[in-house]
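Written below as structure tokens is the structure these notes are about.
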Amino acid sequence: MIKIAPAELKIIAQYIHAISGIYLDQSKSYLFETRLSSIAEANGCKSYQELCVKSKRDATKKLERQIVDAISTNETLFFRDKGPFELLQHKILPEVIDARSAKSSLRVPIKIWSAASSTGQELYSIAIVAKELLKNASNYSLTLLGTDISDSAVTQASYGKYNKFEIERGLDRKFLQKYFSLVGDSWKIKDEIRAMVRFKKLNLMLPFSALGKFDIIFCRNVAIYFTLEDRKKLFNKLADSLADDGYLVIGSTESLTGVCPRFVPKRHLRSIFYQKK
Amino acid sequence: MLNLSILVVDDDPVIRRLLEQRLKKANHSVHVAEDGYVAEKLLEQNTYNVVLTDLMMPGEIGGIEVLEIAKELNHQTEVVLITAHSSIDTAVEAMKKGANDYLEKPINFDELFLRLEKIANMQSILESARDLQEAFTATENQAASTIQNLEIQTAHLQETLDTVEGLMRNEEITDDEKVLQAIDIITR
Ligand SMILES: C[S@@+](CC[C@H](N)C(=O)[O-])C[C@H]1O[C@@H](n2cnc3c(N)ncnc32)[C@H](O)[C@@H]1O
């Protein structure tokens with residue numbers, strides 16, 4: 001493993017922040033080493049500084065993608081924290097449907113965004129809840145979008161295939177049997193759910209107003225890697241991207257106090273969600 | 001070394017007894033089965049860290065089937081196969097089905113104990129990972145409920161502050177009235 005020189009730490013931390021918004025504490029040199037060493041070696045770099053220089057010069061951005069993949073923490077699971085999905089099922093979706101049905105006599109449009117979808121478990125959990133709730137799906141025009149900065153995460157999400165360890169975490173047996181099929185020793189999401197969702201690459205540090213407005217946004221466990229400044233900017237942009245009566249769900253240990261005064265927290269049973277003031 | 005609970009499956013009574021004695025002496029807890037059928041029963045009734053099974057046994061349930069049953073019932077159970085040199089290809093196939101390792105006959109006990117030690121180490125690492133995961137989940141849940149309560153309380157306080165501020169800026173009422181109303185808002 002290539003050792004990181006103290007003088008390099010700042011350069012690399014800044015570079016990673018610039019390409020991903022992820023802020024890594026410079027005291028965690030082992031983190032850079034364990035995650036970037038093999039990339040550096042594979043690209044013939046003798047130091048991390050050299051890796052940064054090479055990556056900046058690489059017009060194809062291939063190296064940058066590899067660095068982002070390695071540095072981002074893709075930890076996620078199906079129905080993570082449970083609460084938000086009960087919230088979705090019992091409160092948010094029914095309310096959005098009521099509000100939208102009143103306006104439109106045709107198919108009711110509902111747009112949901114998983115803003116850091118990682119390997120897809122969050123958006124598929126949302127899709128399963130929607131599928132279970134909206135028995136008559138043809139009455140609705142559902143848009144379920146998942147985005148993430150990590151190419152490899154987006155690829156796995158799009159593929160919808162999970163190994164037995166990923167599958168065992170959080171997923172009820174009844175949903176496993178109903179919505180997944182065994183392929184070799186992995187499980188693949190069935191087409192009826194896969195067809196409901198779309199994944200694409202997106203860096204939340206960049207503008208995203210082109211995605212349009214959403215009724216429901218899940219932005220969970222990603223802002224924790226950002227600085228307070230970046231978090232403020234992010235949630236401000238999310239407020240712009242949320243319908244006036246839309247719903248925002250953040251990670252169970254995250255807080256918007258001192259981050260974005262445009263959102264008000266509301267409690268439902270054991271969970272909270274946010275709406276615009 | 002961690003004590004393991006081990007199931008020995010072998011149709012040869014001499015090997016069975018030998019394994020049982022040596023493993024017990026090393027402080028492992030041991031059950032024995034003389035064929036696949038008995039093994040299946042025991043696997044259904046108990047949880048084992050390790051199943052040590054002969055590959056070739058008479059009857060429908062051979063070593064491969066014991067492996068499949070053990071893994072099906074509890075994928076954390078490690079299976080080590082005991083095999084004659086002539087059936088090494090089958091043993092390699094079994095590794096692909098999830099066997100941890102195989103040992104050639106005649107059994108070299110140093111080798112066996114080395115394997116068991118590796119398995120014990122791995123299982124104790126897995127155990128601490130599970131403990132850590134559980135401790136983390138408990139902490140996370142606790143933190144989540146604290147944060148969510150604070151989040152709601154802070155929002156209420158902010159609302160109160162905003163109302164009082166509006167009141168203070170109101171030029172149509174007297175200062176005395178402002179104080180009275182402010183106290184009313186704050187203590188509501
Ligand atoms: C810990 S996962 C959270 C996944 C899921 N939302 C959950 O709560 O289970 C964090 C994800 O954020 C992604 N990420 C990090 N920085 C990002 C950025 N600037 N833009 C978009 N996604 C980012 C990572 O690639 C990773 O997949």
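When B:K96, B:K71 are checked against the criterion of being basic (K, R), modelled with pLDDT under 95 and surrounded by 15 or more Cβ atoms within 10 Å (Cβ to Cβ), B:K71 stands alone in meeting it. The strands (runs of 3 or more DSSP E) found entirely in region A:173-228 that carry 2 or more residues being under 24 Å from A:F273 (Cα atoms) are A:197-201, A:214-219. If you go through region A:91-118 and keep only what is buried (at least 17 other Cβ atoms within 10 Å of the Cβ), at pLDDT 95 or above and of a type in the set (K, R), you end up with just A:K111. Checking A:L142, A:L88, A:L171 one by one, the residue that is surrounded by fewer than 21 Cβ atoms within 10 Å (Cβ to Cβ) and away from every other protein chain (no Cβ under 14 Å) is A:L142 and no other. Looking across region B:27-61 at every residue that is modelled with pLDDT of 95 or more and of a type in the set (G, A, S), the one that is farthest from B:A84 (Cα to Cα) is identified as B:S29. Please work out which residue is nearest to B:F136 (Cα to Cα), limiting yourself to region A:244-262 and to residues that are away from chain B (no Cβ under 11 Å) and surrounded by 18 or more Cβ atoms within 10 Å (Cβ to Cβ). Filtering region A:244-262 for residues that are away from chain B (no Cβ under 11 Å) and surrounded by 18 or more Cβ atoms within 10 Å (Cβ to Cβ), the one nearest to B:F136 (Cα to Cα) comes out as A:V249. As a summary of the residue check, B:I147 satisfies the conditions (1) farther than 28 Å from B:N46 by Cα; (2) more than 14 Å from chain A (Cβ to nearest Cβ); (3) at pLDDT 95 or above except for the one numbered (2).
Go over the candidates A:S158, A:S138, A:S152 one by one and state the one that is within 12 Å of the ligand (Cβ to nearest atom) and not in a loop (DSSP other than H, G, I, E, B).
The unique qualifying residue is A:S152.
Please verify whether A:P265 is within 14 Å of chain B (Cβ to nearest Cβ), more than 16 Å from the ligand (Cβ to nearest atom) and surrounded by 20 or more Cβ atoms within 10 Å (Cβ to Cβ), treating the condition exactly as stated. So A:P265 fits the description; yes. A Cβ distance below 7 Å, combined with a sequence gap of six or more or placement on separate chains, defines the contacts here; from region A:122-149, residues that are outside the structural domain of A:Y162 (by TED's automatic domain parsing) and without any contact (Cβ under 8 Å) to a residue 40 or more places away in the chain reach no residue that is part of a helix (DSSP H, G or I) and surrounded by 17 or more Cβ atoms within 10 Å (Cβ to Cβ). Flag: A:A40 does not match the condition of being closer than 30 Å to A:Y162 by Cα, assigned to a loop (DSSP other than H, G, I, E, B) and touching a Leu at 6+ places or on another chain (Cβ under 8 Å). Among all residues of region A:147-158, there is none that is touching a helix residue (DSSP H, G or I) at 6+ places or on another chain (Cβ under 7 Å) and within 14 Å of another protein chain (Cβ to nearest Cβ).
For region A:116-134, the set of residues classified as part of a loop (DSSP other than H, G, I, E, B) and closer than 18 Å to A:L87 by Cα consists of A:L134 only.
The values are calculated or read from the model by the stated rules, or taken from the named source; none is laboratory data. From a predicted model like this one, the values you see are computed outputs, not experimental measurements. Positions of Cβ are generated from backbone atoms using ideal geometry, with glycine treated the same way; all protein chains shown enter the neighbour counts.
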